[in-house]
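As structure tokens, the structure follows; a few thoughts come after it.
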2 protein chains.
Amino acid sequence: MVDSRGDSHAGPGGPPGPDALLPGLGQEQLGSLDKIGRAWGQVSAPPEVWRDALPVDPNLGTFPPPTEIRAARAGRVLPIPPLGGSPGERLDVAEPPQGRAGRARVWARRAALGEALRSSALVTERMRKLTALPVLSADALSSVAYGPEAMVAVLVLAGSAGLAYTFPVGGAILFLMLAVGLSYRQTIRAYPHGGGSYIVASDNLGQVPGLLAAAGLMTDYVLTVAVSIASGVAAITSALPSLAPDTVLIGVGVIVVLLVGNLRGIRQAGALFAAPTYAFIAAMLLLIAFGLADAAGRGFEPRPASPSSATESLGLLLIMRAFSSGATAMTGIEAISNAVPAFRPVEWRNARTTLTWMVGLLMAMFAGIILLIHLTGVVPNAHETVLSQLAHLTFGSGWLYVFIQAASAGVLLLAANTAYNDFPRVLSLLARDAYAPRIFMRLGDRLAYSNGILLLSLAATLVFVAFGGQTAALIPLYAVGVFLAFTLSQSGMVVHWWRLRDRHWRKSLVFNAAGALLSAVVFITAGVSKFFSGAWVAIIAVGLFLLITLRIRRHYETASSALHLRPHTADLPTHTAEEASLAQQRRILAGGNRRTVAVGGETEELPQEINLLSVVAVATLDLASMRALAYAASSLQPVLAVHISVTEEEARRFRGYWTRWGDHLPLEIVVSPYRATVVPLVHYVEALHRQHPELTLTVILPEVVTRHRRHQFLHSRTAARLRRALRPLPKVVVTTVPFHL
Amino acid sequence: MVDSRGDSHAGPGGPPGPDALLPGLGQEQLGSLDKIGRAWGQVSAPPEVWRDALPVDPNLGTFPPPTEIRAARAGRVLPIPPLGGSPGERLDVAEPPQGRAGRARVWARRAALGEALRSSALVTERMRKLTALPVLSADALSSVAYGPEAMVAVLVLAGSAGLAYTFPVGGAILFLMLAVGLSYRQTIRAYPHGGGSYIVASDNLGQVPGLLAAAGLMTDYVLTVAVSIASGVAAITSALPSLAPDTVLIGVGVIVVLLVGNLRGIRQAGALFAAPTYAFIAAMLLLIAFGLADAAGRGFEPRPASPSSATESLGLLLIMRAFSSGATAMTGIEAISNAVPAFRPVEWRNARTTLTWMVGLLMAMFAGIILLIHLTGVVPNAHETVLSQLAHLTFGSGWLYVFIQAASAGVLLLAANTAYNDFPRVLSLLARDAYAPRIFMRLGDRLAYSNGILLLSLAATLVFVAFGGQTAALIPLYAVGVFLAFTLSQSGMVVHWWRLRDRHWRKSLVFNAAGALLSAVVFITAGVSKFFSGAWVAIIAVGLFLLITLRIRRHYETASSALHLRPHTADLPTHTAEEASLAQQRRILAGGNRRTVAVGGETEELPQEINLLSVVAVATLDLASMRALAYAASSLQPVLAVHISVTEEEARRFRGYWTRWGDHLPLEIVVSPYRATVVPLVHYVEALHRQHPELTLTVILPEVVTRHRRHQFLHSRTAARLRRALRPLPKVVVTTVPFHL
């Protein structure tokens, strides 16, 4: 629950492990457990007694192995040996499931997702720097495929006067990269266990800033998927324009591939990442080198940009928009600081070195592309990416052009995949801290956070389709979340150094403060200048996220305190019916309302406090009802049968049957003149509860279960409807006695 | 169940009453009941004992009235006094439900459907002839609005050579009307309790012909709704052509109105029917009279039809199509024979007189319109109905024209409403005989067969929308089902007379044979000549219907025999664990398979045969689990707690908590290396069952219930998933112990 943070995961920054859903008990809880145990001890028999009374041998490891194993539906029943058996051996998979549909489902699932993985397969792979660089920097480096283009696309709106600002704005972004890079070097030193923005901000600034950072990150990851795929598809359609009309279709297809791949759990795929990222780095460096060589041939004389009339006047707002659009080139720069524990020892030192390489490469590539754009006079257009135009100018349409486009597309898809690793991880951290539904903590049978992966795919598809798969339309949404997270994370680091004051703290604080300040500037710039062109979507998303997470947390806190073990305070209840009835009368006369009674009831935890009454709902006298009656009678507790009749004539007839059967159990007939069954029965049970609130009522429902699920609709759904209707009632336990046809 | 036909409804032909879902027991069942009762008597205490042991007073009528009534969700809990109270008085309706959504839902439901009706409100209204005529003949008489038009529309395809056949084909249809009318007079005499086609055909010809007749009727009713509404909307759009593009929308709106109206139960609306039907009769007679007077002024010289080129050659097939299309003018002619008990005494005599009137009116109107079409040379077109064209020619566009169109539209909507009475009634008869799901027998709280009404609306909407709301497109589907039902019904009457041989049986047999023969001719004509233009849809629908009803019957027969009470044959089970275990070993060694054991287990019905073991699924030690453990322990039956752990470390930790608590109950920990919870637990329970098949296992699941349903997704759905997975297991009872937050 909420207080489980301390022991349900490996380190403070690591994602929750497979047993996070089964949190341990705190000291105070253990104390309560002792006291509860002593209270039970007053009545319960010692283990020596019940061990012999148990009619089965619970350790199935010593039970002769089954001669025949019937798989349940869809073959999902695996005979897993209990602890007493031999858990080390390879588990038998159940017999193939019966029925063609079941077999097909199992086959399809296995083909798409692979065999289930054991929890012990969850080992953290340690990466050396040459592997870590491509794995962790695909997101950041790929950003140069759309960042410079996004910047120039804004400037060109003011015509050639605007394009004159290419170098100043580009220079500012380079400075920003340097500052943020230096800032994250400090984070790596301070958080060797991984310092994601959520961790750093919530550790140092508190709950709401932490959640805001998480909100920024989450919207960022959704947009990383959308923008990277949009940009990757644009790289493909620039080379193959005939595919352009299918942009949305291709993009959604890519999301589906990423979804399936990540549900399979493609985490150990370092090699898979290395090739495209290094290919992209090589492609960019080639492009820049050949482009500069070309320009050198012309004496570095810039070609004039193709004539374009200014559609907007050049002003501060335009410059701000260009700056914040270009700043998307540094999204993903935080990846290394999140993943410090994945490096080989000394982790933080290797991580810092890798970060330095990455920022260096990023700055070089960004600067080179800006320079090429300036020299070649290329301007963005809707049909071809700037990178593709540059490659065309430099290499024509030969193999090198194809290589550049393929490398761009490849690295962009990897960048999208990075979000598939990070989004579910952050979500699982939020779930661990009770800010998100607990299902996001669950590791699927392929050891992936399946629910988070599904949610990301859904959100990314929604955004991608809504914006028509166009990079330019998505960019305005992008920067806001990223720089919100950067700002909060860096501010958190400032507080961290101020509190810690270790060696070099002043230097680190200054670097982080500079990073925070610059990030804040970009965040505000982006939020203001692009508010109406899309940033409002991201801002509303962040706001909603904050609202929902806080509400979820509040609910979990209420639930946790309600479920907390507490030493038993109530006296043992009065045992005779007369006393209980009198107490009840007094309570009613005192005007005590239901709720108090109910809440009082919910705390009971000792067997001796529980007074049972079984209420069997009988519609007709058939074998199903007889089984339910026999089940109720066999418990040796008081039993009351209730029959709902729609006419008095039917009521008399049923009474007759009951007498003929021998009147073995008390029967009450409720006449329902409106022909409803569920409502009168629920009301009757409620009234019984009001009469004797100290009783725990077990409502026993006979239910006909058909062999094929498609036949179930031919039988009464009353049992299921009753179960649902009885759920909210206090102290009512619902038992279903199935009768299998 | 299947054998309930004898006593669950009033007469053999009447629809099932409110208590049909609670059928009585047959003689053999009562005998079994006696024997089962004696077996129980060997162990159960006499009533004097348990009456005092019961901790509650089950008769809530003597319990002090509740000081406070809390309504359950959506206020559906009405405090209905039990039989011991005063069932005669007006029932209190519960306090308004809590929450805005709940109140709004109740208000909307009440506004749309009205207050609930008591079963005792189900009285059969007896009609005098002047009321019965409009109520029962709206369907048949309204058919002249599309029948003649449909006939001429086919003939005109062959140009003026085709139109020359108007009189011969029309004459044949008039003869058919007379023959079928005379035939149904015999049915009324033979079936004074109401002789619907399904009843007559299944009584005299057997199961399959009865079902075929029902299938024909059901498709007929769906098409009556679709065709009548299409034709009614055409009457409106002929007068107001600007509404033509919204045909489908208007039609669907009308279906929704009919749906809501019939869910309210608008059965006592004799007066409602009288006005439009008599208005339509008056309108048609006026139109014919003035039209003939006009023609008399011209010396009955027919105007030439507007020149139309023949698109098809005149041949037998075309004549057949015209004949079968025109025969749709007599759909609904069977209505009076279904409803004989609704007449005042002497029922059958009054019904016969009314039938004679109706057929007379129908023939007169049909002949008159055919004559007018011939004299005026009007031919069908897509924008205006023939009736509208005739009215325009005779009355211009004045008030009389508007009156004719309004009366046509009105009577057509009533005709559609007739199907809303008949379709659910036939479906309820089928459900009574176990050919349809039993939910179609349920009377809603407004005493209407709500589920049948919903199904009809759904099917009619589907057909109406699929054929674009065009009468001409729907007509080819129509005749097949009607004349199939007519043929089987009349053939059944032939058999009836042959068997009975009372006074006049020869005359009646001849009339019915003629009706059957002619109906068969129309059925075959329609099926053959319009097979490809739409009749195939109806034929496939009839075939599917037959297949599904027979399968449903088979399932219910299996279910019924499985649920039948039977005298207990098995010996009392061995009681000691050693004996049981030995018996089980023997069974396994003998290779006895699971199914036998399971089926053997399902027959148990005596409490002394049931050996209980409670299995409590515990995930964490919190109050919800403690309640479940206490509940299990309080039953004084053997209890086994099971914990599913994803890692061995977690397993050890949980074992530690258990020991600390005091080890009050035996605990088994199952390690699930694939992190699944449901599957290992289901498997464990299955293995326990295999170990001791004589035990009834009660699986106890703690479940957290949130106050608001929207919060439930934040909590584990494991309990619900386990319940579903455990359902198919034999001898496993599932108990949910709720913990309310």
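So the values come out like this:
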| read-out | value |
| --- | --- |
| Net charge contributed by nearby residues that have their C-beta within less than 15 Å of B:Gly315 (K/R +1, D/E -1) | +1 |
| Shortest-first distances to equivalent copies, position A:Arg551, nm, label 7 Å out along Cβ | 4.4 |
| For B:Val616, distant residues with modelled amide H under 5 Å away | B:Leu640, B:Ala641, B:Val642, B:Ile700 |
| Estimated vicinal HN-Hα couplings, Hz - region B:480-487 in sequence order (Karplus 6.51, -1.76, 1.60; Gly, Pro = x) | 3, x, 4, 6, 4, 5, 4, 4 |
| Most positive-pole-ward Cα, A:Tyr435, A:Phe395, A:Ile369, against dipole of region A:356-466 from beta carbon charges | A:Tyr435 |
| Teacher prompt: A:Ala104 distances to equivalent labels in other copies, 7 Å Cα→Cβ, nm | 4.2 |
| Solvent exposure, largest accessible area first (probe 1.4 Å, DNA, RNA and ligands not counted), of A:Thr311, B:Thr677 | A:Thr311, B:Thr677 |
| Ranking by accessible area, most exposed first, for A:His504, B:His683 with a 1.4 Å probe | A:His504, B:His683 |
| Per-copy distances of the A:Val528 label point, shortest first, in nm (7 angstrom along Cα→Cβ) | 8.7 |
| Cβ-based net charge around A:Gly332, under 12 Å, with every Lys or Arg adding one and every Asp or Glu removing one | -4 |
| Cross-link reach list, lysines versus A:Lys129, counting only Cα pairs under 27 Å and skipping chain neighbours closer than eight places | A:Lys507 |
| Distance from region B:123-153 to region B:629-666 (C-alpha centre basis), Å | 73 Å |
| Charge sum, other residues only, whose C-beta stays under 15 Å from A:Gly396's C-beta, Lys/Arg counted +1 and Asp/Glu -1 | -2 |
| Cα-based Rg of region B:130-556 normalised by 2.2 N^0.38 Å, two decimals | 0.93 |
| Cα-only radius of gyration and Dmax that characterise region B:464-534, units Å | 16.1, 52 |
| Spatial separation of Cα centroids for region A:437-513 and region A:680-710, in angstrom | 49 Å |
| Packing-based order for A:461-467, B:240-246, A:352-358, using average beta carbon neighbours within 10 Å, highest first | A:352-358, A:461-467, B:240-246 |
| Phi-based couplings in Hz for region A:226-233 (Karplus 6.51, -1.76, 1.60; Gly and Pro marked x) | 5, 5, 4, 5, 4, 5, x, 5 |
| Cα→Cβ-extended label distance, 7 Å offset, between A:Leu454 and A:Arg499, nm | 3.7 nm |
| Interchain or long-range residues, amide H under 5 Å from B:Leu565's placed H | A:Leu623 |
| Convex hull volume of region A:634-741 per residue (C-alpha atoms, cubic angstrom) | 129 Å³ |
| Amide proton proximity set for A:His740, modelled H, under 5 Å, gap of 5+ | A:Val705 |
| Innermost chain A residue relative to the axis carrying A onto B, by Cβ distance in angstrom | A:Thr735, 2 |
| Calculated from backbone phi, Karplus (6.51, -1.76, 1.60) coupling profile of region A:665-674 in Hz, x at Gly/Pro | 9, x, 10, 10, 10, 10, 8, 10, x, 9 |
| Shielding score for A:556-562, defined as the mean number of other chain Cβ atoms within 10 Å | 4 |
| Per-residue SASA entry for B:Glu649, accessible area with 1.4 Å probe, Å² rounded to 10 | 120 Å² |
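The values are calculated or read from the model by the stated rules, or taken from the named source; none is laboratory data. None of these values were measured; they are calculated from a predicted model. All Cβ positions, even for glycine, are placed from backbone atoms using ideal geometry, and neighbour counts span all protein chains on display. Accessible surface areas use protein heavy atoms only, side chains included; no ligands, DNA or RNA. Shrake-Rupley method; radii C 1.70, N 1.55, O 1.52, S 1.80 Å.
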